[in-house]
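Here the structure comes first, spelled out in structure tokens, and everything after it is commentary.
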Amino acid sequence: MLEIKDLHASVEDKEILKGLNLNVNAGEVHAIMGPNGAGKSTLANIIAGKEEYEVTKGGILLAGEDIEELAAEERAHKGVFLSFQYPVEIPGVTVTNFMKTAINETRKAQGLEEMPAKDMLKRIREKSELLEIDRKFLSRSLNEGFSGGEKKRNEIFQMAMMEPKLAILDETDSGLDIDALRIVANGVNKLKNENNAIVVITHYQRLLDYIVPDFVHVLYDGKIVKSGTKELALELEEKGYDWIKEEINA
Amino acid sequence: MDLKEKLVSSFLAFENTINVDDTVHDIRSQAIKTFEEKGFPTKKEEAWKYTSLNTVLKHDYSIFPKEENAIEFKDIKKYFLHDLDTYKIVFIDGKYSSHLSETTHEKIDVCLMSSALTYDKYRAVIDNYFNKIARQDGLTSLNTAFSKEGAYIYIPKNKLADKPIQIIHFSTGNEAAQMLQPRNLIVVEENSHVQIIERHQSLTDNPVLTNSVTEIFVDKRAIVDYYKIQNDNQNASLIDNTYIEQQAQSVASVHTFAFGGNITRNNLNFYQKGEGIDSILNGVTILEEKQHVDHNTLVHHTEPNCESHQDYKGIFDEKSTGVFNGKIIVNKEAQKTNAFQSNNNILLSDKATINSKPQLEIFADDVKCSHGCTIGQLDDNALFYMRSRGIGEKEAKALLMYAFANNVLESVKIPQLKNRINALIAKKLGVDIGFDL
């Protein structure tokens, strides 16, 4: 599904990713952990197509296709979804209208007709129930005045609506209380299937109790320095990141 | 001969077309003298520092309208709000068009200034209100001197105008260049309510200069909602001088949607004359090419416990220029005044310009007054957020611009008008997005 080879990327001439390799197959959940400043959010933004980063070497393949030259919206049309660490407030555009526009623009790009209103309403109803979102919430302006937890839940609602092939969850657990965390994780688990893949970027192990990863990677100084299974996350939780830094620097 | 000389010397010919034996004509005669003395404003005047009329005044305008040019309704239908039942006062090249209009004298008067200036039954209202709040500056005096035609709206007390009123001025280009000077008088008595939509539309690329004056009197507890749509051709310039006097507990709002034209200058003046008044001034300006829009507002608070709210949003692309000059005066007696002003702007191009200048003159000590001005670009993070959801760059920008202007659009009280303005914005931004706000 996602294949990243020797990826080097910089912003304003500062190299942030320094030869990153990652392979994610359909049906898998990968967790990427690491200390602050390791390049986790950069990686998420680069996969989603943020323009301020410059890829200087290496490439990103989605389902075998090089997406390096594609704009953010074109990547979305091909099934890439990023759940933002800091979702943006858009006054005057309701959650529902935003999703209608996003889905229909994506369908247009895929050569499909606009989704009939009835189907749209049905999908909105199903997905809002999945995330336990109040209907009134959907007619509010996107993210405006939402609490941190509401923003994150709304991100996963959008993910459910868009049905992506590759979902990247960037620090989705930050700002969530334990009940909201459970709801969000439950939503993600229900969306997981054989044909999609999920990359969870997190600083803490907490979320991984609920969204259980098949693989855990440690990102440090722009590279994946260690990979393992979910036990690695527990070890990191217990021991912190210092022992990894020492291992690398030794 | 320059335009000023031409206008002054045309006044004698103008006098041959009107009744010169009445008090209104005394006002006109005085006004042409004032214009002769003051002339057109120049950039040397502080209030005109950022707007030059030089390029506009160089055309050889014809001053008197020719006979009505036949226009078929089907050709101009799109400029009307046709999904809404309204009264209509329509002018073609400055002449009233009866076949395009729908006026009334039932309970309320929605008719012509030329009638109001002619017939005795309107005499009392004209004597009480005509030219009573219009400023004695050069441009307004020029309009007053040639005042003859325009809209006349009189809503007696305790009446609700049963539908909105559209005032539309068309220019057909049957003259190489044309100057129009409509004069409107709107009197809304106690407890009454009216909604008015005004539009100026040139149908060709021939130069047009409109110097319009509107006086609006809003009596106690009356409500007036006024909407101006300024989306004219690139050779059409507009100087709009609007004067509003409000009595106690009245509410008056003016929305100005400035989307086009060559040079547009809005002189919008509110005079509060009682307690418990609310004045609302909202604007959305979206410009490109070399378009220029200058909003010059004045709110004068003279009595206690009144409010004013100004919210102007501007989006400027290419080489367009915007000006916002908002003056608030709070007299010593006007305690407990709440006066708010905000002017937010987005510059989409390096060559676009906005000059924003608040002027607060506060002589009372127990007031809440605030002003704020921002100038920025579209938020890159917000754009990336939208694009990552599959929304194309152009559409994402358009959505952000809608979001930016949203609170002003939301305050439009006529749903059909709001839809029309949304559609005008979508067309202007070159997008067709399947959402409604």
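The values are calculated or read from the model by the stated rules, or taken from the named source; none is laboratory data. Note that the structure is predicted; figures quoted are calculated from it, not measured. Every residue, glycine as well, gets a Cβ built from its backbone with ideal geometry; the counts of neighbours run over all protein chains shown.
No other residue among B:K428, B:K357, B:K413 is basic (K, R), surrounded by fewer than 19 Cβ atoms within 10 Å (Cβ to Cβ), out of contact with any helix residue (DSSP H, G or I) (no Cβ under 8 Å at 6 or more places or on another chain) and in the same structural domain as B:V224 (by TED's automatic domain parsing) apart from B:K357. One residue stands out among those in region B:201-231 that are of a type in the set (A, V, I, L, M) and crowded, with 22+ Cβ neighbours inside 10 Å: the one that is nearest to B:I153 (Cα to Cα), which is B:I216. Here region B:378-402 is the region considered, the condition is being aliphatic (A, V, I, L, M) and touching an Asp or Glu at 6+ places or on another chain (Cβ under 9 Å), and the residue that is surrounded by the most Cβ atoms within 10 Å (Cβ to Cβ) is B:M386. Among the conditions (1) of a type in the set (F, W, Y); (2) surrounded by fewer than 21 Cβ atoms within 10 Å (Cβ to Cβ); (3) at the interface with chain A (Cβ under 10 Å from one of its Cβ atoms), the only one that B:F340 does not satisfy is (3). Every test in (1) touching a helix residue (DSSP H, G or I) at 6+ places or on another chain (Cβ under 7 Å); (2) at pLDDT below 90 is passed by B:A423 save one, and that test is (1). B:T144 falls short on exactly one of the conditions (1) over 19 Å from B:S237 (Cβ atoms); (2) not in a helix (DSSP H, G or I), and that condition is (2).
Residues in region B:280-328 that are buried (at least 19 other Cβ atoms within 10 Å of the Cβ) and among the basic types (K, R): B:K313 only.
Test A:I198 against the stated conditions and say whether it is within 14 Å of chain B (Cβ to nearest Cβ) and closer than 24 Å to A:N36 by Cα. It is false that A:I198 is within 14 Å of chain B (Cβ to nearest Cβ) and closer than 24 Å to A:N36 by Cα.
When region B:16-49 is filtered for residues that are surrounded by 15 or more Cβ atoms within 10 Å (Cβ to Cβ) and under 25 Å from B:D60 (Cβ atoms), the ones remaining, listed by number, are B:I18, B:R28, B:A31, B:I32, B:T34, B:F35, B:E36, B:K38, B:G39, B:F40, B:P41, B:W48. Exactly one residue out of B:K132, B:K163, B:K107, B:K157 is in a loop (DSSP other than H, G, I, E, B) and either free of Cβ contacts under 8 Å to residues at least 60 places away in the same chain or not assigned by TED's automatic domain parsing to the domain that holds B:R221 (or both), and it is B:K107. Of the numbered criteria (1) surrounded by 15 or more Cβ atoms within 10 Å (Cβ to Cβ); (2) within 14 Å of chain A (Cβ to nearest Cβ); (3) more than 30 Å from A:E74 (Cβ to Cβ), the one B:C369 fails is (2). If you check B:K95, B:K49 for being touching an Asp or Glu at 6+ places or on another chain (Cβ under 8 Å) and among the charged types (D, E, K, R), only one passes: B:K95.
Region A:175-250 holds strands (runs of 3 or more DSSP E) entirely within its bounds, and those carrying 2 or more residues that are touching a helix residue (DSSP H, G or I) at 6+ places or on another chain (Cβ under 6 Å) and among the aliphatic types (A, V, I, L, M) map to A:215-220. Scoring A:A44 on the criteria (1) closer than 13 Å to A:I4 by Cα; (2) within 11 Å of another protein chain (Cβ to nearest Cβ); (3) free of Cβ contacts under 8 Å to residues at least 40 places away in the same chain leaves a single failure, condition (3).
I'm trying to understand the selection: among the residues of region A:65-118, which are without any contact (Cβ under 8 Å) to a residue 12 or more places away in the chain, more than 10 Å from chain B (Cβ to nearest Cβ) and not in a helix (DSSP H, G or I)? Correct list: A:D66, A:E69, A:G111, A:L112, A:E113, A:P116. Of all residues in region B:51-100, those being aromatic (F, W, Y) and either under 19 Å from the mean Cα position of the chain (by Cα) or not assigned by TED's automatic domain parsing to the domain that holds B:S9 (or both) number 4.
For (1) under 16 Å from B:V293 (Cβ atoms); (2) touching a residue at least 12 places away in the same chain (Cβ under 8 Å); (3) not β-branched (V, I, T), each residue gets a yes or a no:
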| site | (1), (2), (3) |
| --- | --- |
| B:Y312 | yes, yes, yes |
| B:I315 | yes, yes, no |
| B:A334 | no, yes, yes |
| B:N343 | yes, yes, yes |
| B:C369 | no, yes, yes |
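For region B:399-410, the condition of being at the interface with chain A (Cβ under 8 Å from one of its Cβ atoms), assigned to a loop (DSSP other than H, G, I, E, B) and closer than 30 Å to A:T106 by Cβ holds for none of the residues. When A:V199, A:V184 are checked against the criterion of being under 24 Å from A:A48 (Cβ atoms), in contact with a strand residue (DSSP E or B) (Cβ under 8 Å, 6 or more places away or on another chain) and buried (at least 21 other Cβ atoms within 10 Å of the Cβ), a single residue qualifies: A:V199.
Tell me whether region A:156-166 contains one or more residues that are under 15 Å from the mean Cα position of the chain (by Cα), closer than 29 Å to B:D432 by Cα, surrounded by fewer than 21 Cβ atoms within 10 Å (Cβ to Cβ) and acidic (D, E). Yes, because at least one residue in region A:156-166 is under 15 Å from the mean Cα position of the chain (by Cα), closer than 29 Å to B:D432 by Cα, surrounded by fewer than 21 Cβ atoms within 10 Å (Cβ to Cβ) and acidic (D, E).
Taking region B:145-191 as the range and being among the acidic types (D, E) and in contact with a Ser or Thr (Cβ under 8 Å, 6 or more places away or on another chain) as the test, the residues that pass are B:E149, B:E175.
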